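Engineer: Take a look at this one; I'll ask things after.
The values are calculated or read from the model by the stated rules, or taken from the named source; none is laboratory data. Because the structure is a prediction, the values reported are computed rather than measured. For neighbour counting, all protein chains shown are included, and Cβ atoms are generated from backbone atoms with ideal geometry for every residue, glycine included.
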Amino acid sequence: MQNEAYVVETVSVDSAMLYFKEIICEEVLDQVQHAYLALKTLEYIIDLTPSYNSILIQYDINYYNHLSIKEAVLKQVSEYREITAEKSHKLIEIPVDYSKGIDLERVAETNNISTEEVIDTHTQTTYRVYAIGFMVGFAYLAKVDDTIATPRLSTPRDKIPKGSVAIADTQTAIYPQDSAGGWNILGHTDFDDFSSFEIGDRVRFERI
Amino acid sequence: MTGFEVLAGGLLTMIQDLGRQGYTHLGITNSGAMDEYAYRWSQKLLDNHEGNALEILLSGLKLKATASTTLAVCGADLDFRINDEKQPIWQTHHIHEGDIISFHQQTKGLRAYLAVKDGFNVEKVYDSYAATLKEGIGQKLSKGDFLAFTPTQVKETRHVPEKFIPKYPKHFTLHILLSYQHRFFSDEQKEKFFNTDYELTPQISRMGYKLKGACITPSKGGIISEGITFGAVQIPQDGQPIILLKERQTIGGYPKIGSVLPSDCFKLAQLPIGSTVRFREIDIEDAEKEMKGFYDFFKS
């Protein structure tokens, strides 16, 4: 990895942020994942929060200060050579019942295509996990094909049922629990292993 | 089983500790005691290691002991009583089978911590006792619950020295490290930010404190979602700062101007609606010195 591809900044008294290029793409995602694996083996790290193009690093201030953590992070990331097994991003297949997609029609109308085309397009892409957050086990999957991209509802719903498969702009996700939310619901899945999602994983949706 | 029978759960009472670390990559927040200063004193008074405590918000909690123990109450003054007699806080008390513990009225601060010797016997979830209601971890106490502890017979009473007991003023200064997207805020915006007395709105929770005052506008309204540290000051579209605390979302996409020193966040946790705060910049060396001092104090 080129050194210019990332920078470490102080964000709080005990946390630093490793920033990559400010863009959402698979190349940056792979860099984030590489660095995440590298930092997992660094000692005196309390918490790591990876996201699209960054990793928040909380460290023990009895061991590092704001300068020594930067050095340690840069060294660790540049010297780390991943083990092949770790690099193979696992593939998770999600069975989806698209007949439960209460927003299918709207997504089709918004994009001037048929609901069948929406389903075909949604199932044809292999997505990657770019981030996990918002709620426990909520994996942000991208990138949804532009031909079905649809903005969030202007007024979020009070309750979206657990297992709802939904899209917002060019992202897709599965609601890991009942929640309020403004994403467009395309279907429903009985998939329940939300803690298995890791940054970088590949995800495919299958019509049932 | 010995412990407390819950006669009334109060407004919001739950088990907390120093929080849950190492799971933010799954979207699981840290949680933990909102005021670590008071919490750590409750543990120090009892020589508890890796213990836990009840975090009691305002009034209404009522417990009946089914065995003897030594307990400590630190933090907000919520009119703490044993068998309906008012008792001092920031110290230990020995209680016996049949004693009634209650909290009646808030007079100073918001949150009190009630710890028992060796902690309550509850299960850890993801390595921590801390309840996070929105994640379905733990629960708020309600009438009929039972809180188990192992009986103890320690007689010695310990006090927090007077000089270490906070006064909980209704206005104070929050030290902030400029970081994150602070470059999105012009000198003019920063000047406004540092010269405003911000008021605490009713939207204050374990997740964060929403402030009201001069509107701050960043040059860009959104960023690619990234990890949020404890004390981060987020500026959403309405320009009113939110200080993100123990149950903050793990990642988010609003610009942040910096992060408040953790020890000041602990004080903030005791500040009621309508109080005011002002921000003052702190540099990283001073922030490190301050927090190392804080943790070292409780280590001994």
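Engineer: When residue A:77 is evaluated against the numbered criteria (1) under 27 Å from residue A:206 (Cα atoms); (2) touching a His at 6+ places or on another chain (Cβ under 9 Å); (3) in a helix (DSSP H, G or I), which criterion, by number, is the only one it fails?
Structural biologist: (1)
Engineer: Which of (1) surrounded by fewer than 20 Cβ atoms within 10 Å (Cβ to Cβ); (2) under 21 Å from residue B:77 (Cβ atoms) is the odd one out, the single condition residue B:141 does not satisfy?
Structural biologist: It fails just one condition, (1).
Engineer: Let me ask something additional. From the residues in the stretch B:100-109 that are buried (at least 21 other Cβ atoms within 10 Å of the Cβ) and out of contact with any Ser or Thr (no Cβ under 7 Å at 6 or more places or on another chain), which one is nearest to residue B:87 (Cα to Cα)? Give the derivation first.
Structural biologist: If we filter the stretch B:100-109 for residues that are buried (at least 21 other Cβ atoms within 10 Å of the Cβ), which is where we start, we get B:101, B:103, B:109.
From what's left, out of contact with any Ser or Thr (no Cβ under 7 Å at 6 or more places or on another chain): B:101, B:109.
Working: B:101: 10, B:109: 17 Å.
Once the filter is applied, the top-ranked residue is B:101.
Engineer: A further question on this structure: Considering only residues that are farther than 21 Å from residue B:144 by Cα and β-branched (Val, Ile, Thr), which ones fall in the stretch B:39-92?
Structural biologist: Hits for the stretch B:39-92 are B:70, B:73, B:89, B:92.
Engineer: I'd like to verify a number: residues in the stretch A:93-139 that are at negative phi, of a type in the set (Phe, Trp, Tyr) and at pLDDT below 95, how many?
Structural biologist: 2
Engineer: Let me ask you something else. Is it true that residue B:68 is within 18 Å of residue B:119 (Cβ to Cβ), in contact (Cβ under 8 Å) with a residue 40 or more places away in the chain and buried (at least 24 other Cβ atoms within 10 Å of the Cβ)?
Structural biologist: no
Engineer: Right, another one. Among the residues of the stretch A:105-163 satisfying the criterion of being of a type in the set (Lys, Arg) and either within 14 Å of chain B (Cβ to nearest Cβ) or within 18 Å of residue A:182 (Cα to Cα) (or both), which is nearest to the chain's Cα centre (by Cα)? Explain how you work it out, then say what you get.
Structural biologist: Residues of the stretch A:105-163 of a type in the set (Lys, Arg): A:106, A:128, A:143, A:152, A:157, A:159, A:162.
Next, from what is left, pick out any that are either within 14 Å of chain B (Cβ to nearest Cβ) or within 18 Å of residue A:182 (Cα to Cα) (or both): A:106, A:143, A:152, A:157, A:159, A:162.
Values: A:106: 25, A:143: 10, A:152: 17, A:157: 22, A:159: 22, A:162: 18 Å.
Ranking the candidates gives A:143 first.
Engineer: Something else about it: Look at residue B:56 and say whether it is without any contact (Cβ under 8 Å) to a residue 60 or more places away in the chain, not assigned by TED's automatic domain parsing to the domain that holds residue B:227 and not in a loop (DSSP other than H, G, I, E, B).
Structural biologist: Taking the combined requirement at face value, the residue satisfies it.
Engineer: In the list B:44, B:62, which residue meets the criterion of being farther than 22 Å from residue B:265 by Cα, among the basic types (Lys, Arg) and assigned by TED's automatic domain parsing to the domain that holds residue B:116?
Structural biologist: Exactly one of B:44, B:62 is farther than 22 Å from residue B:265 by Cα, among the basic types (Lys, Arg) and assigned by TED's automatic domain parsing to the domain that holds residue B:116, namely B:62.
Here is a yes/no grid of residues against (1) acidic (Asp, Glu); (2) under 24 Å from residue B:162 (Cα atoms); (3) touching a helix residue (DSSP H, G or I) at 6+ places or on another chain (Cβ under 6 Å):
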site	(1), (2), (3)
B:63	no, no, no
B:70	no, yes, no
B:83	no, no, no
B:88	no, yes, no
B:109	no, yes, no
B:115	no, yes, yes
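Engineer: Kindly establish whether residue A:10 is farther than 29 Å from residue A:175 by Cβ and not assigned by TED's automatic domain parsing to the domain that holds residue A:184.
Structural biologist: The answer is yes for residue A:10.
Engineer: What about residue B:55, is it of a type in the set (Asp, Glu), at pLDDT 95 or above and crowded, with 24+ Cβ neighbours inside 10 Å?
Structural biologist: So residue B:55 fits the description; yes.
Engineer: When you scan the stretch B:218-300 for strands (runs of 3 or more DSSP E) that lie fully inside it, which ones turn up with 2 or more residues that are within 9 Å of chain A (Cβ to nearest Cβ) and farther than 18 Å from residue B:38 by Cβ?
Structural biologist: B:256-260
Engineer: Residues A:52, A:36: which one is surrounded by 23 or more Cβ atoms within 10 Å (Cβ to Cβ), at pLDDT below 95 and either on the phi > 0 side of the Ramachandran plot or facing another protein chain (nearest Cβ under 9 Å) (or both)?
Structural biologist: Going through A:52, A:36 in turn, just one is surrounded by 23 or more Cβ atoms within 10 Å (Cβ to Cβ), at pLDDT below 95 and either on the phi > 0 side of the Ramachandran plot or facing another protein chain (nearest Cβ under 9 Å) (or both): A:52.
Engineer: Is it true that residue B:23 is surrounded by fewer than 24 Cβ atoms within 10 Å (Cβ to Cβ), in contact (Cβ under 8 Å) with a residue 24 or more places away in the chain, closer than 15 Å to residue B:128 by Cα and of a type outside the set (A, V, I, L, M, F, W, C)?
Structural biologist: The answer is yes for residue B:23.
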